[in-house]
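Everything on this sheet refers to the single structure shown next.
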Amino acid sequence: MLILSCDKFSDLWDGHVKLLEQNWPDRNMDTYIVTDKPCDKSYPNVKILSAGEGIEWSERLKYAIEQVKTDYVFITLDDYYLIKKVRDKSIASLLKMMEKENIDYVRLFIHSKKSILDELEGYKGIHNLNTKCNYSVNLYSGLWKKEFILAMIKEPQNAWQFEVSLSKRANEYGAKCVMSKRKEFEILDVVRKGKLLHKPYYYFKRHPGIYNGDRDVNTVWYEVKLGIKTIIGRYTPGKPKRALKKVLRKFGFEFFTE
């Protein structure tokens with residue numbers, strides 16, 4: 001397991017690791033936090049892997065992947081907090097499926113219904129993905145074949161640039177990608193633009209001791225815009241989507257794709 005991060009987000013590590021140990025204590029995998037700068041933090045069951053200062057996000061990922069000794073790797077981000085119990089057997093069954101069916105990527109987050117195709121034969125709750133759709137392959141928590149994720153890393157890119165490129169590159173690669181609706185790994189999305197979202201902010205209020213940092217909270221208007229962008233991305237077809245984005249850009253909305 002690689003938990004991708006950097007020094008500027010190290011305030012998220014304690015809470016991430018605490019919930020990981022609480023909800024998936026029996027995970028049968030080496031676990032690393034991937035960062036840039038060396039640090040003095042340490043955890044009993046999680047190692048810190050410092051890739052070096054001044055290199056782009058994708059280069060840190062490549063460095064970390066090259067340290068992985070297994071054929072498959074679980075990738076997640078520092079601000080995706082695990083909030084429900086994970087059955088280790090459920091993840092193991094997905095890995096067996098990947099090996100048997102020659103699957104390159106399993107997305108563990110339901111995102112963009114347009115990208116979800118028919119159910120994979122013989123596997124209830126597992127659906128094929130249409131890699132022609134933007135963000136069908138993304139950086140939400142998921143399982144990757146090591147050789148596939150390495151093939152996705154080409155030039156140095158930040159996390160947002162890399163994620164935008166993933167689906168196109170997966171399609172060109174001819175990757176076999178699927179998504180699970182079984183909710184094996186349920187997360188709380190914590191940060192946007194360096195600030196806490198309101199949902200995790202109130203979660204931390206109800207569960208003291210999870211996050212003890214001092215990040216600001218995003219404005220309600222920002223989260224309204226985020227919700228609008230999500231709806232447009234997931235449910236609006238091509239030409240109307242492009243027209244809507246053109247209009248919304250005039251009101252300060254930002255989109256990473258056309």
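The values are calculated or read from the model by the stated rules, or taken from the named source; none is laboratory data. Keep in mind the model is a prediction, meaning the values are calculated, not measured. Virtual Cβ from ideal backbone geometry, glycine too; neighbours counted across all protein chains shown. With ligands, DNA and RNA removed, areas are computed over all heavy atoms of the protein, side chains included. Shrake-Rupley method; radii C 1.70, N 1.55, O 1.52, S 1.80 Å.
What the table shows:
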| item | result |
| --- | --- |
| Yes/no for E119 being open to solvent by 70 Å² or more (accessible area, probe 1.4 Å) and in contact with a strand residue (DSSP E or B) (Cβ under 6 Å, 6 or more places away or on another chain) | yes |
| Pick from segment 45-59, criterion in a strand (DSSP E or B) and either out of contact with any Ser or Thr (no Cβ under 9 Å at 6 or more places or on another chain) or not aliphatic (A, V, I, L, M) (or both), ranking: most open to solvent (accessible area, probe 1.4 Å) | K47 |
| Within segment 100-142, considering residues that are without any contact (Cβ under 8 Å) to a residue 12 or more places away in the chain and among the acidic types (D, E), the one farthest from P25 (Cα to Cα) | D118 |
| Any hit, segment 131-143, residues being in contact with a Cys (Cβ under 8 Å, 6 or more places away or on another chain), under 28 Å from V86 (Cβ atoms) and among the β-branched types (V, I, T) | yes |
| Selection within segment 33-44 - open to solvent by 30 Å² or more (accessible area, probe 1.4 Å) and not in a loop (DSSP other than H, G, I, E, B) | Y43 |
| Residue in segment 21-30 that is within 26 Å of K193 (Cα to Cα) and part of a loop (DSSP other than H, G, I, E, B) present | no |
| Every pair of residues 6+ apart whose Cβ atoms lie under 8 Å, when the first sits in segment 40-57 and is closer than 17 Å to T76 by Cα while the second is of a type in the set (A, V, I, L, M, F, W, C) and surrounded by fewer than 16 Cβ atoms within 10 Å (Cβ to Cβ) | I48/C39; S50/C39 |
| Residue in segment 36-46 that is touching a Leu at 6+ places or on another chain (Cβ under 6 Å) and more than 29 Å from E155 (Cα to Cα) present | no |
